[in-house]
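What follows is a set of notes on a single structure, which appears directly below.
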Amino acid sequence: MEKQEILKRQIIYRAKNRGTKENDILIGSLIDSGILNNLTFEELEDFLELLDENDLDIYNYFLNIGNLSGSYRSSLLKKLKKYRKLNETSWKY
């Protein structure tokens, strides 16, 4: 199996098994959208690193009320934020 596919599998598992139900839905919906197929290898590495962040920090970041402590490629964050804006209604619990 190639490295990119291994990264995707790790991301899928960690994205759907978060510490909070809100983040399971929030990050899981990103995965379900097929966004992983539109990310570069470097962005996938960043995504995996992003999943090391505290659940509350991730949640607040995507709701535009907080920041993340890591330094991630802006291209990854832009793609994730763009997805959130396009699918805002599906993020209601």
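Figures for the structure shown
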{"quantity": "Test: residue in the range 40-50 that is aromatic (F, W, Y), surrounded by 15 or more Cβ atoms within 10 Å (Cβ to Cβ) and farther than 27 Å from K3 by Cα", "calculated": "no"}
{"quantity": "Of all residues in the range 64-81 being at pLDDT below 80 and of a type in the set (D, E, K, R), the one that is least open to solvent (accessible area, probe 1.4 Å)", "calculated": "K81"}
{"quantity": "Pair list, Cβ under 6 Å, 6 or more apart: the range 1-27 residue part of a helix (DSSP H, G or I), other residue exposed (fewer than 14 other Cβ atoms within 10 Å of the Cβ)", "calculated": "Q4/F41"}
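The values are calculated or read from the model by the stated rules, or taken from the named source; none is laboratory data. This is a predicted model, so every value here is computed, not measured. Note that we place each Cβ from the backbone using ideal geometry, even for glycine, and neighbour counts take in every protein chain shown. The area values use the complete protein model at the heavy-atom level, side chains included, leaving out ligands, DNA and RNA. Shrake-Rupley method; radii C 1.70, N 1.55, O 1.52, S 1.80 Å.
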